[in-house]
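Peer 1: Take this structure, written in structure tokens, and hold onto it; I'll ask about it next.
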Amino acid sequence: MTMLLSTIAGLVLFFIIGTTTRAALHVLAQEHHKPTFRDMPITASFGIAVILIYVLVALLAPVIAPFGEGEVVGAQYLPWAAPHYLGTDKLGRDMLTRLVYGARNTVGIAFATTALAFVVGSILGIWAALVGGWLDQWLSRFVDALMAIPALIFSLLLLTIFGTSVLTLILVIAAIDATRVYRLARSVAQGIVVMDYIEAARLRGETNWRLIRREILPNAMAPLVAEFGLRFCFVFLSISALSFLGLGIKPPTADWGSMVRENATLITFGDITPLLPAGAIALLTVAVNFVVDWQLHRASGLKE
Amino acid sequence: MEKTPLLSITGLRIEGRSGDAWHEIVKGVDLTLHRGEVLGLIGESGAGKSTLGLAAMGFARDGCRISGGSIDFDGIDLRAVSEADRRALRGKRIAYVAQSAAASFNPAHRLIDQYCEGPVVHGVMPREKAEADAVELYRRMRLPEADEIGFRYPHQVSGGQLQRAMTAMAMSCRPDLIIFDEPTTALDVTTQIEVLAAIRDIVRQFGTAAIYITHDLAVVAQMADRIKVLLRGNEVEEGDTRAMLAAPREEYTRSLWAVRSFARAEQPPATGTPVVSVRGVTAGYGAVDVLKDVSFDIHARRTVAVVGESGSGKSTTARVITGLLPPRTGDVLFNGKALPPSFKARSRDELRQCQMIYQMADTALNPKLRLRELIGRPAEMYLGLNGRALETRIRDLLSLIELEPDTYIDRLPSELSGGQKQRIGIARALAAEPQMIICDEVTSALDQIVQEGILKLLDRLQCELNLAYMFITHDLATVKSIADEVVVMQHGVVVERGPKAEIFAAPKQDYTNLLLSSVPEMDPDWLNRLLSARGGHA
């Protein structure tokens, strides 16, 4: 019965958030963008709302969080009661505070990593497809070699060599993910570079940079955006895995992935607290993919 | 005595979906077809020909639905019976031959396997018998080496042979009705003749009824007993082939008939330095020479048509001129000066002088760019225009190609019709203010009425802007209307060249003669005469 009720409540909340966001975006949007938001599906507006909330929370973390990030504020594993609304963890740190700071660290790092991987991977991939020949061979075989090494072991290796800081973490995961993006971008671009409009642009004497930016990238956008949504979620996993092994985000910095692990024992006592950071990851993942789906739909020119 | 018709369609309405709205594609068409009769369906693209053809099988494409009227096939109401019953009919009693056999055959299976599938699945005959039957039908379709051709894969036979193999396959269950959807549109004229003759013979031999869909009037005149003209989902008129060719009743039909009347005014022989001069060019890919010692000139204000079958080296010649394929020997002179062989070594101004218009406007225009950028980019790049000057230039160009600037300037290519896209291709070429334009099969993907519009536009622009055209085509009717000089190519060699009038009046080479005589004419007896003149050879 409770299950049913909470499901219904969840759906109602979903619709309320979705429709209000859509209405708000529609009102706020500039005149020529209005139709875009009017026809937006409710899933997409819900996704946008969730992402906005996460961004706000991440930006305003010190203001919102009731306690300090690494501050020990009480006994360990306190139950859900004021002033610790979501209880405390095994060291006695406030769970709500850690969740709020986790948004900043985990989402921030994951986003920076994915964005970097995509910028590097797609530009190199398209460049290789466009120029072909030796450049393509060198780049592609190099990427093959990198991909032959299991991702987790390779990142462990690199992090041990370069030391663990947030910057090296971002660079290492981005470098490894860029190889996957490279492969996708290259194969998509190979289908595009044989089109007559690329030949026409080449004959016009356009530079490679302009060919990549104006002629190929807009046409390769759809699969890349879809891949972005997926890869963003995988980066969460990579960061969590590395944190678990002690090479990711270092304690006491809050990170959703390690929060799940640290508090996992609570599950055996029927306490759902460890599921909260996991749920935060899941919700964001779903939200990002809702928005990505909507963008894909628009990019593919399907109107429904 | 009126026999009961094999197929009778009354008041057929078919709707297609765009977004949430349904709009009618076929708006209440009646159609009757008797056993052994061939009905030609003609009209421009978007007239609903193919949709109507498929509806004769009780089928509607994805995103389409049959919304009204009745389809009665030999006493069976195709709209009322179950999908399973309809499937039992398809292939067995009603067959379909698609426009592109190359795209319709499964490339992973041999021809004979695909032939046998229908008869075996429908339980008409066992596999061994079907195989023997296939060879028999391949022979009747006059396919070479009928005994073994079925054991090849689709990519191992030519386009014309594939189209005949597909017709044989449609015949495999001896259906009562075959729907031919533009079966020869993608073929060369010389190949088209063979396929037309084979199709016509086999339909007659088996007394099969057929619906023949095409936009080529001359073809339909050879094939059909009756012709039905469609326009935007409505029937314009229907009548006996001969009667209708002789005296069309409706204005629209007359305009279809008159479409090839456009002919460019005769030009005096050109003098002076040619704009482009191809000198002894030999070029190819890998070890193979596709072009062998090709030479010809193109003068300002003149159109040189390069004709030949596919694979004759027409497009390769264009690639040599544009610098995409540097020649092994020989060179390309521009206003008397040799051009660097590769486009990479050419200066921006040399690139500007020679522009190209492509066959498929769909792939020649970047689908993600708005017309403003598509047309504006060459002007911005070559002429250094920007801001207001660029905007004015784009608007002028749009007016020049007869598109209203305010309506079109911010559209995407997908928001244009086929003919309009081709006009944008022309505008993009003009934006560079070139001296010479290469037109690579620019009209072959278009309807005849749209083709005529494009040809007239090109002709007008040539007079206004002093352009030289190199017009690559396999369509000799187009050559007749627009060319000044003709270059005939075969197997990478220039077989014959000269002024249009000379070539058409007295071709010196056998090949030119073959090519010229293969162009279908409106006369319904043309194919018969031609076949008997060629001594039974198809």
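Values quoted throughout were computed directly from the atomic coordinates according to the rules given, and no laboratory measurement underlies them. Everything numeric here is computed off the predicted structure, so don't read it as measured data. Positions of Cβ are backbone-derived with ideal geometry, glycine not excepted, and every protein chain shown enters the neighbour counts.
Peer 1: Consider A:Arg298 against the criteria (1) within 14 Å of chain B (Cβ to nearest Cβ); (2) buried (at least 17 other Cβ atoms within 10 Å of the Cβ); (3) not hydroxyl-bearing (Ser, Thr, Tyr): it satisfies all of them except one. Which criterion is unmet?
Peer 2: The single condition A:Arg298 does not satisfy is (2).
Peer 1: Which numbered condition trips up B:Leu412, out of (1) in contact with a Phe, Trp or Tyr (Cβ under 7 Å, 6 or more places away or on another chain); (2) farther than 18 Å from A:Arg204 by Cβ; (3) within 11 Å of chain A (Cβ to nearest Cβ)?
Peer 2: It fails just one condition, (1).
Peer 1: What pairs can you find where one residue is in the range B:406-428 and in contact (Cβ under 8 Å) with a residue 24 or more places away in the chain and closer than 24 Å to B:Ile438 by Cβ, the other is outside any helix (DSSP H, G or I) and among the aromatic types (Phe, Trp, Tyr), and their Cβ atoms are less than 8 Å apart, with a gap of 6+ or different chains?
Peer 2: Sorted first by the residue in the range B:406-428, then by its partner, the pairs are B:Gly425/B:Tyr358.
Peer 1: Considering the range B:137-162 alone, what residues qualify as being touching a residue at least 12 places away in the same chain (Cβ under 8 Å) and in a loop (DSSP other than H, G, I, E, B)?
Peer 2: B:Met141, B:Arg142, B:Leu143, B:Pro144, B:Gly150, B:Phe151, B:Arg152, B:Tyr153, B:Val157, B:Ser158 - these are the residues of the range B:137-162 that are touching a residue at least 12 places away in the same chain (Cβ under 8 Å) and in a loop (DSSP other than H, G, I, E, B).
Peer 1: Please give the helices (runs of 4 or more DSSP H) falling wholly within the range A:25-94 in which 2 or more residues are under 29 Å from A:Ile109 (Cα atoms) and in contact with a Ser or Thr (Cβ under 8 Å, 6 or more places away or on another chain). Before you say what the answer is, go through the steps one by one.
Peer 2: Working: elements: A:34-38, A:42-59, A:61-64.
Counting at least 2 such residues, we get A:42-59.
Peer 1: Being facing chain A (nearest Cβ under 7 Å), crowded, with 20+ Cβ neighbours inside 10 Å and closer than 20 Å to B:Val450 by Cβ is the filter here, so list the residues in the range B:357-373 that pass it.
Peer 2: Those that are facing chain A (nearest Cβ under 7 Å), crowded, with 20+ Cβ neighbours inside 10 Å and closer than 20 Å to B:Val450 by Cβ: B:Tyr358, B:Ala364, B:Leu365.
Peer 1: Of the conditions (1) more than 14 Å from every other protein chain (Cβ to nearest Cβ); (2) surrounded by fewer than 22 Cβ atoms within 10 Å (Cβ to Cβ), B:Ile482 satisfies every one except a single condition; which number is it?
Peer 2: Against the list (1) more than 14 Å from every other protein chain (Cβ to nearest Cβ); (2) surrounded by fewer than 22 Cβ atoms within 10 Å (Cβ to Cβ), B:Ile482 comes up short only on (2).
Peer 1: Filter the range B:37-92 for residues that are touching a strand residue (DSSP E or B) at 6+ places or on another chain (Cβ under 7 Å), touching a residue at least 40 places away in the same chain (Cβ under 8 Å), among the charged types (D, E, K, R) and within 23 Å of B:Thr208 (Cβ to Cβ) and give the result.
Peer 2: Answer for the range B:37-92, where residues must be touching a strand residue (DSSP E or B) at 6+ places or on another chain (Cβ under 7 Å), touching a residue at least 40 places away in the same chain (Cβ under 8 Å), among the charged types (D, E, K, R) and within 23 Å of B:Thr208 (Cβ to Cβ): B:Glu37, B:Lys49, B:Asp72.
Peer 1: While we're on this one: Can you pull out every residue in the range A:173-229 that is under 16 Å from the mean Cα position of the chain (by Cα) and closer than 30 Å to A:Thr160 by Cα?
Peer 2: A:Ile173, A:Ala174, A:Ala175, A:Ile176, A:Asp177, A:Ala178, A:Arg180, A:Val181, A:Glu227, A:Phe228, A:Gly229, listed by residue number.
Peer 1: Something else now. Within the range A:176-229, take every residue that is at the interface with chain B (Cβ under 10 Å from one of its Cβ atoms) and acidic (Asp, Glu) and give me the one that is farthest from B:Pro340 (Cα to Cα).
Peer 2: A:Glu215
Peer 1: Within the range B:374-409, restricting attention to residues that are within 29 Å of the chain's Cα centre (by Cα) and assigned to a helix (DSSP H, G or I), which residue is farthest from the other protein chains (Cβ to nearest Cβ)?
Peer 2: B:Ser399
Peer 1: Within the bounds of the range A:98-116, is there any residue that is of a type in the set (Lys, Arg) and either outside any helix (DSSP H, G or I) or touching an Asp or Glu at 6+ places or on another chain (Cβ under 7 Å) (or both)?
Peer 2: Among the residues of the range A:98-116, at least one is of a type in the set (Lys, Arg) and either outside any helix (DSSP H, G or I) or touching an Asp or Glu at 6+ places or on another chain (Cβ under 7 Å) (or both), which makes the answer yes.
Peer 1: Could you list, in sequence order, all residues of the range A:237-248 that are crowded, with 23+ Cβ neighbours inside 10 Å and not small (Gly, Ala, Ser)?
Peer 2: A:Ile239, A:Leu242
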